[in-house]
1. If you go through segment B:413-423 one residue at a time, do you hit one that is under 26 Å from the mean Cα position of the chain (by Cα), over 25 Å from B:ASP76 (Cα atoms), outside any helix (DSSP H, G or I) and within 11 Å of chain A (Cβ to nearest Cβ)?
2. Restricting segment B:487-540 to residues that are closer than 20 Å to B:VAL291 by Cα and either without any contact (Cβ under 8 Å) to a residue 24 or more places away in the chain or part of a loop (DSSP other than H, G, I, E, B) (or both), which is nearest to the other protein chains (Cβ to nearest Cβ)?
3. Those residues that are more than 22 Å from the chain's Cα centre (by Cα) and either among the aliphatic types (A, V, I, L, M) or closer than 25 Å to A:GLN108 by Cα (or both), I need them from segment A:278-300; list them, please.
4. Among what's in segment B:259-276 and is more than 14 Å from chain A (Cβ to nearest Cβ) and part of a loop (DSSP other than H, G, I, E, B), pick the residue that is nearest to B:SER475 (Cα to Cα).
5. Tell me, yes or no, whether segment A:432-440 has at least one residue that is under 13 Å from the mean Cα position of the chain (by Cα), basic (Lys, Arg) and crowded, with 22+ Cβ neighbours inside 10 Å.
6. Residue check: is B:ALA427 aliphatic (A, V, I, L, M), under 18 Å from A:ASP435 (Cβ atoms) and modelled with pLDDT of 95 or more?
7. Kindly indicate which of B:SER510, B:SER489, B:SER539 is more than 29 Å from B:LEU461 (Cβ to Cβ) and small (Gly, Ala, Ser).
8. Does any residue in segment B:208-222 that is farther than 16 Å from B:GLU253 by Cα come within less than 8 Å, Cβ to Cβ, of a residue that is part of a loop (DSSP other than H, G, I, E, B) and among the aromatic types (Phe, Trp, Tyr) six or more places away or on a different chain, and which pairs are these?
Protein chains: 2
Amino acid sequence: MNANGLEAFFISGSDPHQSEYLASHWNIRSWLTGFTGSAGVAIVTKEHAGLWTDSRYYIQAESELKDTEWTMHKMDSNAIPSYIRWVQEHLHKGSVIGMDGRTLSHSQYGQFDKWLKPYHIALQIYSDLISEIWEDRPEIPENPIFEHVIKFAGKSRQEKLEQVRKKMEELNVNSYLLTALDDIAWTFNLRGSDVECNPVFLSYACINREEAILFVNEKKLDPELIDSLKKDNIKIANYSDIMDFLNQLPENEKVLMDPTQVNAVLWKSVNGIKESGQSIVKWEKSIKNDVELKHFRHTMAKDGAALAEAFHWLDQNIEKLKITEFDLAMKIAECRSRKAHYYGESFHAIVGYRSNGAIVHYRPLPEQCAILESSGLLLVDSGGQYLDGTTDITRTFTMGEVSADEKLHYTLVLKGMLALSSIQFPAGTTGIQLDILARQFLWSHGLDYGHGTGHGIGFFLNVHEPPQGFAHTLSERGKSTIKPGMVTSNEPGYYKVGHYGIRIENLIHSIDAGNGFLKFETLTLYPYDTSLIDASMLSQNEISTINAYHTYVFDHVSPFIEDPETVAWFKEKCAQIL
Amino acid sequence: MNANGLEAFFISGSDPHQSEYLASHWNIRSWLTGFTGSAGVAIVTKEHAGLWTDSRYYIQAESELKDTEWTMHKMDSNAIPSYIRWVQEHLHKGSVIGMDGRTLSHSQYGQFDKWLKPYHIALQIYSDLISEIWEDRPEIPENPIFEHVIKFAGKSRQEKLEQVRKKMEELNVNSYLLTALDDIAWTFNLRGSDVECNPVFLSYACINREEAILFVNEKKLDPELIDSLKKDNIKIANYSDIMDFLNQLPENEKVLMDPTQVNAVLWKSVNGIKESGQSIVKWEKSIKNDVELKHFRHTMAKDGAALAEAFHWLDQNIEKLKITEFDLAMKIAECRSRKAHYYGESFHAIVGYRSNGAIVHYRPLPEQCAILESSGLLLVDSGGQYLDGTTDITRTFTMGEVSADEKLHYTLVLKGMLALSSIQFPAGTTGIQLDILARQFLWSHGLDYGHGTGHGIGFFLNVHEPPQGFAHTLSERGKSTIKPGMVTSNEPGYYKVGHYGIRIENLIHSIDAGNGFLKFETLTLYPYDTSLIDASMLSQNEISTINAYHTYVFDHVSPFIEDPETVAWFKEKCAQIL
């Protein structure tokens, strides 16, 4: 900081691709502060080292920062983030703040600058100031890349490039810079394992009207794959060559870049005409093709069977063995792993027993989690990556007797989930409009949940896939239109702190309902816990919907269950309500 | 244009205060083009004269522009307006467009500039280029201003100024520029009649920590009122002095201005530090005080009685007299005018018989409107300005036999209106979240309506009062939070083009429901048309709500009905449904 004349240094929690999950090379914030949560901003000044994080992480951060020089600050939901307000108050006029400009998007950079300028504080972006001082920094991962074959992907690279180029023509741009790892993986039908749970690989790409260049370290690709890419007129360049490439673009090259995705350093380095717009692939990829959808439906049946096997095992052994939340998470992954085309978990399973279920981002650790017993509620949110689809499902079960409150709360959550899944809505409707359908019944009891209601999901790609979702705020998820072909999670919940958490999550596919309207098809296949349902609170319509679903689930899932005893157990779980 | 080196000239449809309704002095667009609709943009180039308007006005504009040099263009709902795209395509690099910078807000100016800059087209703002060429331009109105006494307003000027200064302190600004006419009228407890239907007067105001300056032509005020304002430490300056005043502010004066309200010329003329933020009064005024609310409730009863008298007259005379839509509008205004503290219409009543009801912004003209008969649907949307409140109510009636479709559509609209009125919701909820409640039942039948669901309303002020509302788009109404004390219209509809229009509108008051939740109190008092309700489509809850409302309406409205025969008729109209 001194060498560069900086009064302060900002550390965001991102990588040069604005990824949600990071390769460990980019875990700068946790290396520096010791805080391991997934959200936060660190600021170092000459007098102060502060970490700002949100309410989910207050307790964790307090404990991880204890006995260090770091002070925890609370992040609030104000329009101007609390760390910016802190800087406005604590830094004097003329101060310069440094930051790795690759770890924030061009939009964020503009926003920060706008907030700081009136205070005469400048934000100076660098390419890398950390590697010099982080001695044992993990290398940039070099895991092999493999092809996601067309049998699963449904569309060839050439078809996708054509689709993208058609849009480029409409937008009147010559080049299109891709930096989001899942955008690149989708476009080229390639997958990797540089990031935990997300089958992506570190890369950039630039597509112009004639060719496409993939910036990735060649040693990650086997010769056959290189040949195949070259045949498709795709050039390979080094991952680190992207800056030079952008720098040498012709001056009149119109380059489409998504300012919310492209990092500030890359954005600056472009020599051509910067055309700010939404990433084409973000939207193209969100519309699943018919082959992907066929696989999705099939994979949901396999996935439901794996869950049936895991939960049947739990039922059989809960009184005999010591089973922890972590053990169950492992068992679920193991059952999934026996299904065809399994690749890995789509995220670290949340198995939250009793009061742990009320911690929204809870993750059981092997040495430090609850032992399951024959009473209380159990929340299980888990998912699998399969070559033929990605799953994400939450079910809440009772492990014993059910209280009136548990039944009331479960039924309110279920009614909301069903109301959202059952709506017919006109084209152009956005996530923030639909979100309330899942909350209305909780609201009528003065209850609510603090998270959004759903997110887009990839096809053998990231479990959180932009743009669309169901949200109660004006986030990208809230503002994006729900279009035919999208697959989105529907996951309302209720959390009684210190007691239990309830969440029910299905993936739903938006389809054309004719006359300019859309409706949803439920993809996820697993029964609800009927012992938690208060049927007297349901309409006749809701009851028929649940019963028809249970019949459908049993018919489609049971063929994938190996053991007949499990099938019999599962049949009971798919019971009708009266 | 030639004298100023302009390639094009833009004409918006606004005044220097960004008013929705204009004094005729500002009707530049209609003077220039002959088009009398309320929405549109005119652009003149050396080769072309174009008027852009939206779908509501296509037919009207086509007919009004016929045989003129003007060409109608269609305005679409694209992110970049179609007239901007037209300019981007038709003007060459280096062109300069002129515009009266007082007729667009600073935000709009910035937005236009952002769209045009990449095309190397400049937008040059002027103060007035039209007066020189508009020979018989109507004068700026000089109607008298009067006090809105505290008995009605509930709070004195001093109290309001104190309330505003407290917010100014929180925002750390020295001065606050008010340009919205209703903001000024509210703050100073003054009313005028410079604009039809809106009891406001042309003025600006600037409030600083010690004093307030009202920029208004002094001859509009009587000496007593001037004295009273001076006693309250309010200075009077000329309306036209505002520019010089802003120009001479000290350089370090922090001036709060709302960029969506302050016009581009005024914004530019400010010498101090421009603090961009929402108008304080916009939000303070939207929260009605207890006195205003008490008056609102009382005024709704008077207003309901006036409607009962008008509709009873219609019922008695429909077979005897020739009654047109316009006649009924006049009759309603006449019945209202007999009630205490009546001041005038709050907007030109929409009386839409049969297919006219399907034209959302229909207004019957004396010489050119339908004659009412004993069949078909009649939509009546009207409102009154009273010293003790502003009303806005829509009811749809059948004039004879009811078809199955009419009943279905009326009941779907009614169910939506009731669902929105009955919701309990957490603090922080915005209009776009709630809007869907009014649409959901229509959607389930593949139907919808093209307008928002509601708008804020003033207290003896503008019938459309920002910020809040219920909207399906990310407009100000959609994005604003519904707060306790706000009064908002709830007016879903269904329009069967060529056949009939249905709309049901109540004003609803948002109140604290405890535990961080809000709910609505219905203020409007007039029964629904029970012969249009299909009770088999209603839940038990909905039926009880309607019956309780009808009882409440009769009890509260009938004391204000003069004629006993009308009371007996009204009793039947407030019938229970079974």
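The values are calculated or read from the model by the stated rules, or taken from the named source; none is laboratory data. Here the structure is a predicted model, which means the values were calculated and not measured. Please note: Cβ atoms are built from the backbone with ideal geometry, for glycine as well, and neighbour counts cover all protein chains shown.
1. Yes; the residues of segment B:413-423 include at least one that is under 26 Å from the mean Cα position of the chain (by Cα), over 25 Å from B:ASP76 (Cα atoms), outside any helix (DSSP H, G or I) and within 11 Å of chain A (Cβ to nearest Cβ).
2. B:GLU521
3. Listed by number, the list holds a single entry, A:VAL291.
4. Ranking the qualifying residues of segment B:259-276, first place goes to B:THR260.
5. Checked against the condition, which is being under 13 Å from the mean Cα position of the chain (by Cα), basic (Lys, Arg) and crowded, with 22+ Cβ neighbours inside 10 Å, segment A:432-440 yields no hits at all.
6. Details: aliphatic (A, V, I, L, M): yes; under 18 Å from A:ASP435 (Cβ atoms): yes; modelled with pLDDT of 95 or more: yes.
So B:ALA427 passes the test.
7. Of the residues listed, the single one that is more than 29 Å from B:LEU461 (Cβ to Cβ) and small (Gly, Ala, Ser) is B:SER539.
8. Close Cβ pairs satisfying both conditions: B:VAL216/B:PHE201; B:LYS220/B:PHE201.
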